[in-house]
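One structure below.
The values are calculated or read from the model by the stated rules, or taken from the named source; none is laboratory data. A quick note: this is a predicted structure, and the numbers were derived from the prediction, not measured. Glycine gets a Cβ as well: all are built from the backbone with ideal geometry, and neighbour counts include every protein chain shown.
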Ligand SMILES: [Zn+2]
Ligand SMILES: [Zn+2]
């Protein structure tokens, strides 16, 4: 009999539970410059899809054109439809993956068969991303005013979702690229997003 650590066991049970309760799909049109997305999420976890939709449709559009152009080489190379599987956490503890051709879920295979489109697939671990702090806010040169804190927490979470999302899309567009440059681009993108948020909100430049 296999023995699992309590955390792993909890993740396994969660995934089994989610499989039993089923998943919902949400079609997201985020703009001419982006592919169509289908977010697939556990039926009981609709907020996962709401957060990602907000990150892709709102946060992404709030950022400067200069910042968005960091990914302009990636977007034209993406399949016209991308399935995003949303989970709480991954058993391997990664924040996300891209799924090479042949390893997609039945959702992506079914969509490809039904639409005849080229369909790509990534997954994102939404709760793990929420807890991820590559740049602890404590490292900010100045403390944000307390009334900005809820907005900052929300922005930080959505910017992190967006950074991991773009990171996995870059792997999907360029499967042969090594992790180093892909990781650097997404971490820089995340840091620059926070800088822009601070300068928009406070008209100040923070030492992130
Ligand atoms: Zn992994
Ligand atoms: Zn990667």
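Here 188, 147, 176 are screened, and the one residue that is farther than 27 Å from residue 119 by Cβ and free of Cβ contacts under 8 Å to residues at least 40 places away in the same chain is 147. Scanning the range 52-84 for residues that are surrounded by 15 or more Cβ atoms within 10 Å (Cβ to Cβ), closer than 19 Å to residue 97 by Cα and touching a strand residue (DSSP E or B) at 6+ places or on another chain (Cβ under 9 Å) yields a total of 9.
Filtered by the rule that a residue be farther than 17 Å from residue 128 by Cβ and within 11 Å of ligand 2 (Cβ to nearest atom), the range 148-170 gives 169, 170.
On the basis of being within 16 Å of ligand 2 (Cβ to nearest atom) and either farther than 26 Å from residue 175 by Cα or out of contact with any strand residue (DSSP E or B) (no Cβ under 6 Å at 6 or more places or on another chain) (or both), does residue 103 make the cut? Criteria met by residue 103.
Considering only the range 75-173, give the helices (runs of 4 or more DSSP H) lying wholly within it that have at least 3 residues that are under 20 Å from residue 196 (Cβ atoms) and touching a helix residue (DSSP H, G or I) at 6+ places or on another chain (Cβ under 6 Å).
On the way: elements: 106-115, 126-131, 149-173.
In the range 75-173, the matching helices (runs of 4 or more DSSP H) lie at 149-173.
So, in the range 174-208, of the ones that are modelled with pLDDT under 90 and not in a helix (DSSP H, G or I), which residue ends up nearest to ligand 1 (Cβ to nearest atom)? Looking at residues that are modelled with pLDDT under 90 and not in a helix (DSSP H, G or I), I get 208. Taking the range 47-74, which residues are in a helix (DSSP H, G or I) and farther than 19 Å from residue 170 by Cα? Matches in the range 47-74: 47, 48, 49, 50, 51, 54, 58, 62.
For residue 117, the test of being touching a residue at least 40 places away in the same chain (Cβ under 8 Å) and either more than 22 Å from residue 53 (Cα to Cα) or away from ligand 2 (no atom under 16 Å from the Cβ) (or both) is failed.
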